[in-house]
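The values are calculated or read from the model by the stated rules, or taken from the named source; none is laboratory data. Predicted, not measured: the structure shown is a model, and the values here were computed from it. Glycine also receives a Cβ, built like all others from the backbone with ideal geometry; neighbour counts cover every protein chain displayed. For accessibility, only protein heavy atoms count, side chains too; no ligands or nucleic acids. Shrake-Rupley method; radii C 1.70, N 1.55, O 1.52, S 1.80 Å.
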Amino acid sequence: MNPLTVLKDFNLQNKLNQIYIQNGSIIFGDKYQFPTSSPAYSKKDDGTYYSLLSILVFLQRRLLKRHEYIVEAKNLNVEILATIDQQPILDYLDGLVKAEINLPLITNATLETTVVAVGEEDAEHRAKRARTAGDASSTENYVRERHLRDRNSMLLSPTTGFQKVLDIVAKVESKLNAGAKSSAGEIDQARPGQQTTGSTAAISKPDSRSTTPHSTGITSHLTVSNKNSNSSTSQAPGSIPGGWTLPPPNLKKPDCRIPIIIVPSGMSSLITMRNARSFFEEGKFLPASGLGMANSGGSGEIGSGGASDGRAIMVKRKSGRVKPVPYVITDQVPEATDPAWNRVVAVLVHGVKWQFTSWPHKGASSGDPTDVLRQVCGFYVHYQDEQVKPPVSEWNVRRLPLARDSRHRDASTANDFFRQLDTWLTARKSTLEF
(Lines give C-alpha, C1' and ligand atoms only; values in the text may rest on other atoms or scores of the structure.)
Protein backbone atom coordinates (compact mmCIF):
# COMPACT_ATOMS: atom_id res chain seq x y z
CA MET A 1 0.00 0.00 0.00
CA ASN A 2 1.35 3.40 -0.96
CA PRO A 3 1.68 5.64 2.15
CA LEU A 4 0.37 8.59 0.12
CA THR A 5 -2.94 6.74 -0.31
CA VAL A 6 -3.25 6.37 3.47
CA LEU A 7 -2.46 10.07 3.93
CA LYS A 8 -5.14 10.92 1.36
CA ASP A 9 -7.76 8.86 3.23
CA PHE A 10 -6.97 10.58 6.53
CA ASN A 11 -7.05 14.00 4.87
CA LEU A 12 -10.45 13.42 3.25
CA GLN A 13 -11.83 12.17 6.57
CA ASN A 14 -10.47 15.21 8.48
CA LYS A 15 -8.28 12.97 10.66
CA LEU A 16 -4.93 14.73 10.27
CA ASN A 17 -4.96 15.31 14.03
CA GLN A 18 -4.68 11.52 14.48
CA ILE A 19 -1.32 11.39 12.67
CA TYR A 20 1.80 11.66 14.83
CA ILE A 21 5.52 10.97 14.56
CA GLN A 22 7.29 8.64 16.97
CA ASN A 23 10.68 6.94 16.89
CA GLY A 24 11.30 7.70 13.24
CA SER A 25 7.88 6.48 12.12
CA ILE A 26 4.68 8.19 11.07
CA ILE A 27 1.71 6.56 12.79
CA PHE A 28 -1.79 6.89 11.33
CA GLY A 29 -4.15 6.48 14.28
CA ASP A 30 -4.23 2.80 15.25
CA LYS A 31 -4.22 1.51 11.69
CA TYR A 32 -0.94 2.07 9.85
CA GLN A 33 2.68 2.90 10.48
CA PHE A 34 5.36 3.92 7.98
CA PRO A 35 8.97 5.11 8.27
CA THR A 36 9.35 8.87 7.89
CA SER A 37 11.68 8.25 4.95
CA SER A 38 9.15 6.15 3.02
CA PRO A 39 9.05 7.29 -0.64
CA ALA A 40 5.59 8.61 -1.43
CA TYR A 41 5.63 10.69 -4.61
CA SER A 42 7.80 10.81 -7.72
CA LYS A 43 9.27 14.23 -8.52
CA LYS A 44 8.62 15.66 -11.96
CA ASP A 45 12.10 17.01 -12.56
CA ASP A 46 14.52 14.16 -11.78
CA GLY A 47 12.40 11.08 -11.01
CA THR A 48 13.49 10.81 -7.39
CA TYR A 49 10.96 10.63 -4.57
CA TYR A 50 9.63 12.90 -1.85
CA SER A 51 9.53 11.24 1.53
CA LEU A 52 6.26 10.75 3.39
CA LEU A 53 7.47 13.13 6.11
CA SER A 54 8.13 15.99 3.67
CA ILE A 55 4.62 15.66 2.15
CA LEU A 56 2.97 15.46 5.60
CA VAL A 57 4.79 18.62 6.76
CA PHE A 58 3.68 20.45 3.61
CA LEU A 59 0.06 19.28 3.95
CA GLN A 60 -0.13 20.45 7.56
CA ARG A 61 1.20 23.87 6.48
CA ARG A 62 -0.61 24.21 3.17
CA LEU A 63 -2.16 27.54 4.13
CA LEU A 64 1.13 29.21 4.95
CA LYS A 65 2.83 31.52 2.51
CA ARG A 66 5.69 30.06 0.50
CA HIS A 67 8.48 31.69 2.49
CA GLU A 68 6.82 30.79 5.80
CA TYR A 69 6.57 27.14 4.75
CA ILE A 70 10.24 27.11 3.68
CA VAL A 71 11.36 28.49 7.05
CA GLU A 72 9.38 25.87 9.00
CA ALA A 73 10.54 23.03 6.73
CA LYS A 74 14.17 24.05 7.27
CA ASN A 75 13.63 24.23 11.02
CA LEU A 76 12.23 20.69 10.94
CA ASN A 77 15.08 19.55 8.66
CA VAL A 78 12.75 18.10 6.02
CA GLU A 79 12.87 18.39 2.25
CA ILE A 80 11.05 21.34 0.67
CA LEU A 81 8.51 20.50 -2.04
CA ALA A 82 9.13 22.18 -5.37
CA THR A 83 6.48 24.65 -6.48
CA ILE A 84 5.71 22.61 -9.60
CA ASP A 85 4.86 19.56 -7.45
CA GLN A 86 2.80 21.24 -4.75
CA GLN A 87 -0.51 21.69 -6.56
CA PRO A 88 -0.65 18.13 -8.08
CA ILE A 89 0.02 16.67 -4.63
CA LEU A 90 -2.71 18.79 -3.03
CA ASP A 91 -5.16 17.90 -5.81
CA TYR A 92 -4.56 14.21 -5.17
CA LEU A 93 -4.74 14.47 -1.37
CA ASP A 94 -7.98 16.48 -1.66
CA GLY A 95 -9.50 13.83 -3.95
CA LEU A 96 -9.76 16.18 -6.95
CA VAL A 97 -7.88 13.95 -9.41
CA LYS A 98 -7.44 10.25 -10.06
CA ALA A 99 -4.03 8.93 -9.13
CA GLU A 100 -3.64 6.57 -12.07
CA ILE A 101 -4.17 9.42 -14.54
CA ASN A 102 -2.68 12.54 -13.02
CA LEU A 103 -0.02 11.45 -10.55
CA PRO A 104 3.16 9.45 -11.17
CA LEU A 105 2.70 7.51 -7.95
CA ILE A 106 5.32 4.95 -7.09
CA THR A 107 4.57 1.23 -6.94
CA ASN A 108 5.34 -1.28 -4.23
CA ALA A 109 8.33 -2.47 -6.28
CA THR A 110 10.11 0.83 -5.66
CA LEU A 111 9.60 0.92 -1.91
CA GLU A 112 12.67 0.91 0.27
CA THR A 113 13.58 -2.41 1.82
CA THR A 114 12.75 -1.23 5.31
CA VAL A 115 10.89 -3.33 7.85
CA VAL A 116 8.12 -1.38 9.54
CA ALA A 117 7.68 -2.81 13.02
CA VAL A 118 4.66 -2.11 15.19
CA GLY A 119 6.17 -2.50 18.65
CA GLU A 120 8.53 -5.42 19.14
CA GLU A 121 8.59 -8.33 16.71
CA ASP A 122 6.11 -10.91 17.96
CA ALA A 123 6.46 -14.69 17.98
CA GLU A 124 4.57 -15.04 14.70
CA HIS A 125 7.08 -12.90 12.80
CA ARG A 126 10.08 -14.51 14.47
CA ALA A 127 8.79 -17.90 13.34
CA LYS A 128 8.24 -16.61 9.82
CA ARG A 129 11.77 -15.22 9.70
CA ALA A 130 13.13 -18.58 10.77
CA ARG A 131 11.14 -20.43 8.07
CA THR A 132 12.44 -18.15 5.32
CA ALA A 133 16.06 -18.16 6.47
CA GLY A 134 17.15 -20.76 3.92
CA ASP A 135 15.29 -19.35 0.93
CA ALA A 136 16.89 -16.28 -0.67
CA SER A 137 13.78 -15.19 -2.59
CA SER A 138 11.52 -15.66 0.43
CA THR A 139 13.95 -13.73 2.61
CA GLU A 140 13.97 -10.85 0.14
CA ASN A 141 10.16 -10.78 0.06
CA TYR A 142 10.01 -10.84 3.83
CA VAL A 143 12.37 -7.89 4.09
CA ARG A 144 10.18 -5.93 1.65
CA GLU A 145 6.98 -6.62 3.59
CA ARG A 146 5.34 -3.67 5.37
CA HIS A 147 3.85 -4.55 8.72
CA LEU A 148 0.70 -2.39 8.68
CA ARG A 149 -1.39 -4.04 11.39
CA ASP A 150 -0.91 -6.67 14.07
CA ARG A 151 -3.27 -9.00 15.91
CA ASN A 152 -3.98 -6.37 18.57
CA SER A 153 -4.78 -3.51 16.18
CA MET A 154 -7.12 -5.80 14.23
CA LEU A 155 -9.30 -6.09 17.33
CA LEU A 156 -9.71 -2.32 17.59
CA SER A 157 -12.75 -0.64 16.10
CA PRO A 158 -12.03 3.10 15.89
CA THR A 159 -15.28 3.91 14.09
CA THR A 160 -17.49 2.36 16.79
CA GLY A 161 -18.21 3.95 20.13
CA PHE A 162 -20.87 4.77 22.65
CA GLN A 163 -20.56 8.55 22.55
CA LYS A 164 -23.99 8.88 20.91
CA VAL A 165 -25.57 6.90 23.76
CA LEU A 166 -23.83 9.08 26.33
CA ASP A 167 -25.07 12.23 24.56
CA ILE A 168 -28.66 10.95 24.68
CA VAL A 169 -28.37 10.11 28.39
CA ALA A 170 -26.94 13.57 29.15
CA LYS A 171 -29.75 15.26 27.20
CA VAL A 172 -32.43 13.29 29.06
CA GLU A 173 -30.85 14.07 32.42
CA SER A 174 -30.70 17.80 31.63
CA LYS A 175 -34.40 17.80 30.69
CA LEU A 176 -35.32 15.95 33.88
CA ASN A 177 -33.31 18.38 36.00
CA ALA A 178 -34.90 21.36 34.24
CA GLY A 179 -38.36 19.84 34.76
CA ALA A 180 -37.69 19.33 38.46
CA LYS A 181 -36.60 22.97 38.90
CA SER A 182 -39.63 24.20 36.98
CA SER A 183 -42.02 22.14 39.16
CA ALA A 184 -40.31 23.38 42.32
CA GLY A 185 -40.75 26.98 41.15
CA GLU A 186 -44.47 26.47 40.52
CA ILE A 187 -44.94 25.02 44.01
CA ASP A 188 -43.12 27.94 45.64
CA GLN A 189 -45.32 30.42 43.75
CA ALA A 190 -48.52 28.59 44.71
CA ARG A 191 -47.84 28.32 48.47
CA PRO A 192 -48.34 31.99 49.52
CA GLY A 193 -52.00 32.02 48.41
CA GLN A 194 -52.96 28.57 49.72
CA GLN A 195 -53.45 26.90 53.09
CA THR A 196 -50.78 24.44 54.13
CA THR A 197 -53.13 22.09 55.92
CA GLY A 198 -56.40 20.32 55.15
CA SER A 199 -57.92 19.50 51.83
CA THR A 200 -57.19 22.97 50.47
CA ALA A 201 -53.48 22.24 50.51
CA ALA A 202 -53.71 20.30 47.28
CA ILE A 203 -51.68 21.85 44.52
CA SER A 204 -52.85 21.41 40.96
CA LYS A 205 -50.46 19.58 38.64
CA PRO A 206 -50.13 20.30 34.93
CA ASP A 207 -52.17 18.02 32.73
CA SER A 208 -49.97 15.41 31.06
CA ARG A 209 -51.97 15.91 27.87
CA SER A 210 -51.18 19.60 27.72
CA THR A 211 -48.93 20.88 24.98
CA THR A 212 -47.73 23.89 26.98
CA PRO A 213 -44.03 24.22 27.77
CA HIS A 214 -44.74 23.25 31.40
CA SER A 215 -45.54 19.72 30.35
CA THR A 216 -42.11 19.26 28.78
CA GLY A 217 -40.11 20.39 31.77
CA ILE A 218 -38.03 22.87 29.73
CA THR A 219 -39.94 26.09 30.47
CA SER A 220 -36.83 27.85 31.69
CA HIS A 221 -35.13 27.26 28.34
CA LEU A 222 -37.80 28.84 26.13
CA THR A 223 -36.40 32.34 26.15
CA VAL A 224 -36.76 33.11 22.45
CA SER A 225 -40.20 34.58 21.90
CA ASN A 226 -41.91 35.86 18.79
CA LYS A 227 -43.82 38.53 20.70
CA ASN A 228 -40.69 40.68 20.82
CA SER A 229 -39.56 39.96 17.26
CA ASN A 230 -41.73 42.73 15.74
CA SER A 231 -39.09 45.24 16.68
CA SER A 232 -35.81 44.22 15.12
CA THR A 233 -34.18 47.46 16.26
CA SER A 234 -34.66 46.52 19.92
CA GLN A 235 -32.33 43.55 19.63
CA ALA A 236 -28.86 43.95 21.01
CA PRO A 237 -25.97 43.59 18.56
CA GLY A 238 -25.05 39.94 18.24
CA SER A 239 -28.47 38.72 19.33
CA ILE A 240 -30.09 35.83 17.49
CA PRO A 241 -33.66 36.40 16.26
CA GLY A 242 -36.38 33.74 16.45
CA GLY A 243 -36.25 30.25 15.06
CA TRP A 244 -34.47 28.39 17.89
CA THR A 245 -36.30 26.31 20.50
CA LEU A 246 -33.41 26.47 22.94
CA PRO A 247 -31.68 29.79 23.67
CA PRO A 248 -28.43 30.45 21.80
CA PRO A 249 -25.29 30.84 23.86
CA ASN A 250 -24.33 34.29 25.07
CA LEU A 251 -22.24 35.49 22.13
CA LYS A 252 -20.72 38.29 24.19
CA LYS A 253 -19.22 35.98 26.80
CA PRO A 254 -15.41 35.90 26.65
CA ASP A 255 -15.41 32.10 26.81
CA CYS A 256 -17.82 31.64 23.90
CA ARG A 257 -16.26 29.28 21.34
CA ILE A 258 -18.78 29.43 18.49
CA PRO A 259 -17.09 30.38 15.18
CA ILE A 260 -18.34 33.44 13.26
CA ILE A 261 -18.68 33.63 9.47
CA ILE A 262 -19.14 37.07 7.87
CA VAL A 263 -21.09 37.30 4.61
CA PRO A 264 -21.44 40.34 2.32
CA SER A 265 -24.15 42.84 3.15
CA GLY A 266 -24.72 43.75 -0.50
CA MET A 267 -27.72 42.11 -2.14
CA SER A 268 -25.78 41.44 -5.36
CA SER A 269 -23.63 38.78 -3.68
CA LEU A 270 -24.59 35.15 -4.29
CA ILE A 271 -24.60 34.32 -0.55
CA THR A 272 -26.18 36.86 1.80
CA MET A 273 -28.19 36.78 5.00
CA ARG A 274 -31.23 35.97 2.88
CA ASN A 275 -30.05 32.53 1.78
CA ALA A 276 -27.19 31.79 4.21
CA ARG A 277 -29.16 29.34 6.34
CA SER A 278 -30.27 27.20 3.41
CA PHE A 279 -26.71 27.04 2.05
CA PHE A 280 -24.67 26.42 5.20
CA GLU A 281 -27.23 24.30 7.06
CA GLU A 282 -29.06 22.41 4.30
CA GLY A 283 -26.54 22.53 1.45
CA LYS A 284 -29.04 24.24 -0.88
CA PHE A 285 -28.25 27.41 -2.81
CA LEU A 286 -31.30 29.62 -3.35
CA PRO A 287 -30.64 32.30 -6.00
CA ALA A 288 -31.78 35.81 -5.25
CA SER A 289 -34.42 35.55 -7.96
CA GLY A 290 -36.05 32.69 -6.05
CA LEU A 291 -36.34 34.53 -2.75
CA GLY A 292 -39.38 36.52 -1.76
CA MET A 293 -39.31 40.01 -0.33
CA ALA A 294 -38.92 40.49 3.38
CA ASN A 295 -41.99 39.78 5.40
CA SER A 296 -43.63 42.79 6.92
CA GLY A 297 -44.54 40.79 10.03
CA GLY A 298 -42.38 40.15 13.02
CA SER A 299 -41.27 36.59 12.35
CA GLY A 300 -37.80 37.67 11.29
CA GLU A 301 -37.87 35.31 8.32
CA ILE A 302 -37.29 36.22 4.70
CA GLY A 303 -38.89 34.39 1.81
CA SER A 304 -38.08 30.73 1.32
CA GLY A 305 -34.43 31.06 2.32
CA GLY A 306 -35.23 30.62 6.00
CA ALA A 307 -32.80 33.36 6.98
CA SER A 308 -33.35 36.14 9.43
CA ASP A 309 -33.28 39.83 8.63
CA GLY A 310 -31.56 40.53 11.97
CA ARG A 311 -27.90 41.21 12.59
CA ALA A 312 -26.97 37.54 12.93
CA ILE A 313 -28.33 34.04 12.64
CA MET A 314 -27.11 30.76 14.00
CA VAL A 315 -26.94 27.74 11.72
CA LYS A 316 -26.39 24.10 12.58
CA ARG A 317 -23.63 22.46 10.61
CA LYS A 318 -24.48 18.81 9.99
CA SER A 319 -22.04 17.74 7.26
CA GLY A 320 -19.12 15.69 8.52
CA ARG A 321 -20.30 15.79 12.14
CA VAL A 322 -22.01 13.22 14.37
CA LYS A 323 -24.15 15.93 15.96
CA PRO A 324 -24.88 19.47 14.73
CA VAL A 325 -22.27 22.15 15.43
CA PRO A 326 -23.41 25.81 15.73
CA TYR A 327 -21.95 28.60 13.59
CA VAL A 328 -22.89 32.28 13.68
CA ILE A 329 -23.55 33.96 10.32
CA THR A 330 -23.61 37.75 10.18
CA ASP A 331 -23.16 40.59 7.73
CA GLN A 332 -22.15 43.07 10.43
CA VAL A 333 -18.46 43.72 11.12
CA PRO A 334 -17.67 43.80 14.87
CA GLU A 335 -16.17 46.88 16.43
CA ALA A 336 -12.40 47.07 16.51
CA THR A 337 -12.18 46.30 20.24
CA ASP A 338 -14.86 43.61 20.24
CA PRO A 339 -13.51 40.24 21.56
CA ALA A 340 -15.72 38.57 18.95
CA TRP A 341 -12.84 39.07 16.49
CA ASN A 342 -11.17 36.07 18.13
CA ARG A 343 -14.00 33.94 16.74
CA VAL A 344 -14.23 35.40 13.21
CA VAL A 345 -12.91 32.48 11.16
CA ALA A 346 -14.21 33.04 7.62
CA VAL A 347 -15.41 35.78 5.29
CA LEU A 348 -17.20 35.54 1.95
CA VAL A 349 -15.69 38.21 -0.27
CA HIS A 350 -17.90 40.23 -2.58
CA GLY A 351 -15.18 41.19 -5.04
CA VAL A 352 -14.87 44.86 -4.13
CA LYS A 353 -12.14 46.44 -2.02
CA TRP A 354 -14.47 48.69 -0.05
CA GLN A 355 -15.95 45.59 1.63
CA PHE A 356 -13.04 45.67 4.10
CA THR A 357 -12.72 49.41 4.76
CA SER A 358 -14.36 49.05 8.20
CA TRP A 359 -12.18 46.09 9.22
CA PRO A 360 -9.55 46.86 11.90
CA HIS A 361 -6.73 45.10 10.03
CA LYS A 362 -3.60 46.62 8.56
CA GLY A 363 -4.28 48.28 5.23
CA ALA A 364 -7.99 47.40 5.23
CA SER A 365 -9.12 51.00 5.57
CA SER A 366 -7.40 51.81 2.28
CA GLY A 367 -8.92 48.80 0.50
CA ASP A 368 -6.01 46.35 0.90
CA PRO A 369 -7.37 43.03 2.28
CA THR A 370 -4.00 41.25 2.40
CA ASP A 371 -3.78 41.23 6.20
CA VAL A 372 -7.50 40.41 6.52
CA LEU A 373 -7.20 37.32 4.34
CA ARG A 374 -4.09 36.26 6.21
CA GLN A 375 -5.89 36.20 9.57
CA VAL A 376 -9.34 35.15 8.31
CA CYS A 377 -10.08 32.33 5.87
CA GLY A 378 -11.46 33.94 2.71
CA PHE A 379 -13.93 32.39 0.25
CA TYR A 380 -15.32 33.61 -3.05
CA VAL A 381 -18.63 32.14 -4.24
CA HIS A 382 -19.23 32.50 -7.98
CA TYR A 383 -20.98 30.81 -10.86
CA GLN A 384 -18.75 28.21 -12.45
CA ASP A 385 -19.24 29.65 -15.94
CA GLU A 386 -17.90 33.04 -14.81
CA GLN A 387 -14.25 33.92 -14.97
CA VAL A 388 -12.75 35.11 -11.69
CA LYS A 389 -11.35 38.54 -12.42
CA PRO A 390 -9.17 40.98 -10.48
CA PRO A 391 -9.00 41.93 -7.73
CA VAL A 392 -10.41 38.60 -6.46
CA SER A 393 -8.04 36.56 -8.64
CA GLU A 394 -5.14 38.30 -6.86
CA TRP A 395 -6.44 37.65 -3.33
CA ASN A 396 -5.73 34.74 -1.02
CA VAL A 397 -9.22 33.26 -1.20
CA ARG A 398 -10.64 29.81 -1.84
CA ARG A 399 -13.05 29.61 -4.72
CA LEU A 400 -16.46 27.96 -4.41
CA PRO A 401 -18.02 27.53 -7.88
CA LEU A 402 -21.80 27.05 -8.16
CA ALA A 403 -23.80 25.81 -11.12
CA ARG A 404 -26.06 28.48 -12.50
CA ASP A 405 -29.05 26.24 -13.25
CA SER A 406 -28.34 22.85 -11.63
CA ARG A 407 -28.73 22.50 -7.87
CA HIS A 408 -27.71 18.89 -7.29
CA ARG A 409 -24.07 19.84 -6.57
CA ASP A 410 -24.85 22.57 -4.05
CA ALA A 411 -24.38 20.20 -1.12
CA SER A 412 -20.92 19.24 -2.40
CA THR A 413 -19.95 22.90 -2.58
CA ALA A 414 -21.19 23.55 0.96
CA ASN A 415 -19.28 20.50 2.20
CA ASP A 416 -16.16 21.78 0.43
CA PHE A 417 -16.52 25.09 2.27
CA PHE A 418 -16.51 23.41 5.69
CA ARG A 419 -13.75 20.97 4.68
CA GLN A 420 -11.39 23.78 3.68
CA LEU A 421 -12.36 25.80 6.75
CA ASP A 422 -11.63 22.76 8.97
CA THR A 423 -8.18 22.47 7.39
CA TRP A 424 -7.51 26.16 7.99
CA LEU A 425 -8.62 25.99 11.64
CA THR A 426 -6.69 22.78 12.29
CA ALA A 427 -3.49 24.29 10.87
CA ARG A 428 -3.84 27.17 13.33
CA LYS A 429 -4.69 24.87 16.26
CA SER A 430 -7.92 26.74 16.89
CA THR A 431 -9.65 26.19 20.24
CA LEU A 432 -13.07 27.03 18.84
CA GLU A 433 -15.79 24.39 18.57
CA PHE A 434 -15.88 23.36 14.94
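Can you give the FRET efficiency to the nearest 0.05 for Ala170 and Asp9, using r as the Cβ-Cβ distance and R₀ = 22 Å?
So the FRET efficiency works out to roughly 0.10.
Measure off 7 Å from each Cα along the Cα-to-Cβ vector at Glu386 and Ser406, then give the distance between these two points in nanometres to one decimal.
2.0 nm
Could you give the accessible area per residue of region 3-94, probe 1.4 Å, as a whole number in Å²?
Per-residue value: 45 Å².
With a 1.4 Å probe and all protein chains left in place, how much of the accessible area of region 3-94 comes from carbon and sulfur atoms, in whole percent?
Summing carbon and sulfur atoms, their accessible area is 48 percent of the total for region 3-94.
What is the gain in length, in nm to one decimal, between Ala82 and Ile21 on full extension, counting 0.36 nm per residue of separation less the C-alpha to C-alpha distance?
19.6 nm
Can you give me the % of accessible surface on region 351-417 that is carbon or sulfur? Probe 1.4 Å, all protein chains present, nothing else counted.
The nonpolar share, carbon plus sulfur, comes to 44 percent.
After finding the eigenvalues of the alpha carbon gyration tensor for region 3-94, what semi-axes result from the square roots of 5 times each, listed largest first in whole Å?
Taking √(5λ) for each Cα gyration eigenvalue gives 19, 14, 14 Å.
Using a Förster distance of 56 angstrom, determine the FRET efficiency expected from the C-beta separation of Met267 and Ser37, and round it to 0.05.
0.50
Report the extension gain between Arg66 and Asp30 in nm, rounded to one decimal, defined as 0.36 nm multiplied by the number of residues separating them, less their alpha carbon distance.
That works out to 9.7 nm of additional length.
Arrange the peptides 397-409, 257-269, 276-288 so that the one whose residues have, on average, the most other Cβ atoms within 10 Å appears first.
Result, highest mean Cβ count within 10 Å first: 276-288, 257-269, 397-409.
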